[in-house]
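Bear in mind these aren't lab numbers, they're just calculated from the coordinates by the rules spelled out. In this text, all values refer to a predicted model and were calculated from it rather than measured experimentally. Backbone-built Cβ (ideal geometry, glycine too); neighbour counts: all protein chains shown.
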Amino acid sequence: MALLIARGTRRLLRAHGLSTVPELTLPNGRRADVVALGPDGAVTIVEIKSSLADFRADQKWPVYRDHCDHLYFAIASNLPAELIPEDAGLIVADGYGAEIIRPAPLHRLAPATRRAMMLRFALAAADRLHLLWDRDCGMD
């Protein structure tokens, strides 16, 4: 279910002009489900929750706010939207698409943090593209 939510969410973000990288490790060592980069340099993190148990078990999401301008939760339509904190955006998604139900508030990143996130994003995207071309290159 999480993969389907991610797929629909990434399609939505792409339609809004953002480029995405799934499963990006942040400077604090945590891994964000989806990180999106806008043409203006804005960084968006989307935390995917595929079930009520997943939401209740995972309380690390507040630390993601330190690494993005916008923080969203993406959920399936069968999860109650009331679970999602009001200070985060809300996306409802399936394997084909998604809809922004509530926009995420803006929390402007510090310039050094923005640079660090953009560098991580670029390196991860380049490494993943390289692996598509050369599976035997010795990268993990």
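Under the definition of Cα pairs under 8 Å and six or more residues apart, what whole-number percent is the relative contact order of the chain?
Relative CO of the chain lands at 25 percent.
As I understand it, the value is the acute angle between the Cα axis of helix 2-15 and the longest principal axis of the Cα atoms of the chain; what does it come to in degrees, rounded to 10?
Tilt relative to the chain: about 80 degrees.
So what's the projected area for the stretch 11-56, the Cα convex hull averaged over all directions, in nm²?
3.9 nm²
Each label point is 7 Å from the Cα along the Cα-to-Cβ direction; what then is the distance between the points at Thr113 and Tyr96, in nm?
3.8 nm
Using a 10 Å Cβ count of at most 15 others and DSSP loop calls, identify the longest part of the chain lacking such trypsin sites (Lys or Arg not before Pro).
Between the exposed loop sites, the longest stretch runs 61-107.
Per 10 Å bin from zero, what fraction in whole % of the C-alpha pairs of the chain is there, up to the bin with the longest pair?
Going from the shortest bin to the longest, the percentages are 12, 43, 34, 10, 1.
Nearest 10 degrees is fine. How inclined is helix 111-133 to the longest principal axis of the chain, computing both from alpha carbons?
The angle comes out at about 70 degrees.
Once every DSSP H run of n ≥ 4 in the chain is given -39500 (n - 2.57) and the sum is divided by its residues, what mean residue ellipticity at 222 nm do you get, rounded to the nearest 500 deg cm²/dmol? List each step's numbers first, then the result.
Working: 3 runs with 43 residues, N = 140.
The per-residue figure over the chain is -10000 deg cm²/dmol.
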